[in-house]
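Colleague: Take this structure, written in structure tokens, and hold onto it; I'll ask about it next.
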Amino acid sequence: MQRTRRAFTLIEILIVVIILGIMAAMVVPQFVNATYEASTKAAVHEVQKLRRAIEVYQVRNENLLPDVTPGAGTWGGLTRDAGEYLKSAPLNPYVGAVNDNVIVYGVGPDPAYQTTHAWIYNPATGEVWAGGFDAEDNPLPKP
């Protein structure tokens, strides 16, 4: 009796590889969009959390504003005192990892996308905006 060996032919293997390549080409762009959406939603959530913390701080401290200073994560009284208002300095993933916690003083949101700072704080009014976002908390287009 003669035994026959069963195996895949080279053509069959190539067809499977081509099909997997086509499927990968369709799926990869969806992951890019998911990353973009996640970073924008996280930044919006963080700026809303900051605004609430500033409001609570004002109520508890006779309408005084927290002692926020420009720099990396320098939220002053908001992050001191064992995290009474914020457990840690918020991060803005939309501007990138290098400056995702940098605070600058300003009187309004960014006019265009930038990567130099994560937060804009107005020390006169207590208003805060996310870097790279407009006044309505919509992300500004990346170049």
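The values are calculated or read from the model by the stated rules, or taken from the named source; none is laboratory data. Only a predicted model underlies this, so the values are computations on that prediction, with no experimental measurement involved. Using ideal geometry, Cβ is built from the backbone for each residue, glycine included, and neighbour counts are taken over all protein chains shown.
Colleague: Out of all the residues in the stretch 78-98, which are in contact (Cβ under 8 Å) with a residue 12 or more places away in the chain and closer than 13 Å to ALA43 by Cα?
Modeller: The answer is ALA89, PRO90, LEU91, ASN92, PRO93, TYR94, VAL95, GLY96.
Colleague: Tally the residues that are under 20 Å from THR116 (Cα atoms) and part of a loop (DSSP other than H, G, I, E, B), restricting the search to the stretch 53-71.
Modeller: If we filter the stretch 53-71 for residues that are under 20 Å from THR116 (Cα atoms), which is where we start, we get 68-71.
Next, only the ones that are part of a loop (DSSP other than H, G, I, E, B) stay: 68-70.
So the count comes out to 3.
Colleague: ILE19 is checked against (1) over 26 Å from GLY132 (Cβ atoms); (2) touching a helix residue (DSSP H, G or I) at 6+ places or on another chain (Cβ under 9 Å) and fails just one. What number does that condition carry?
Modeller: (2)
Colleague: Are there any pairs, at least 6 apart or on different chains, whose C-beta atoms fall under 7 Å, with the first in the stretch 1-15 and at pLDDT 85 or above and the second in a loop (DSSP other than H, G, I, E, B), and if so, which?
Modeller: From the stretch 1-15, no pairs qualify.
Per-residue answers, yes or no, for (1) of a type outside the set (Val, Ile, Thr); (2) surrounded by fewer than 10 Cβ atoms within 10 Å (Cβ to Cβ); (3) not in a loop (DSSP other than H, G, I, E, B):
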site	(1), (2), (3)
ALA7	yes, yes, no
ILE13	no, no, yes
ILE18	no, no, yes
ALA24	yes, yes, yes
PRO29	yes, yes, yes
ALA34	yes, no, yes
SER39	yes, no, yes
VAL47	no, no, yes
ARG51	yes, no, yes
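Colleague: Name the residue that is surrounded by the fewest Cβ atoms within 10 Å (Cβ to Cβ), counting only residues in the stretch 72-114 that are among the charged types (D, E, K, R) and not in a loop (DSSP other than H, G, I, E, B).
Modeller: First, the residues of the stretch 72-114 that are among the charged types (D, E, K, R): 80-81, 84, 87, 100, 110.
Then keep just the ones that are not in a loop (DSSP other than H, G, I, E, B); that gives 80-81.
Numbers: ARG80: 13, ASP81: 8.
Within the stretch 72-114, the match that is surrounded by the fewest Cβ atoms within 10 Å (Cβ to Cβ) is ASP81.
Colleague: Could you tell me which of the residues GLU62, GLU46 is modelled with pLDDT of 90 or more, at positive phi and among the charged types (D, E, K, R)? Give the steps one after another, and end with the answer.
Modeller: Working: GLU46 fails: at positive phi.
On inspection, the qualifying residue turns out to be GLU62.
Colleague: Residue by residue through the stretch 119-135, note down the ones that are under 21 Å from ASN33 (Cα atoms) and either acidic (Asp, Glu) or part of a loop (DSSP other than H, G, I, E, B) (or both). I'd like the intermediate steps shown before the answer.
Modeller: Within the stretch 119-135, the first condition is being under 21 Å from ASN33 (Cα atoms), and the residues that meet it are 130-134.
Residues satisfying the conditions are GLY131, GLY132, ASP134.
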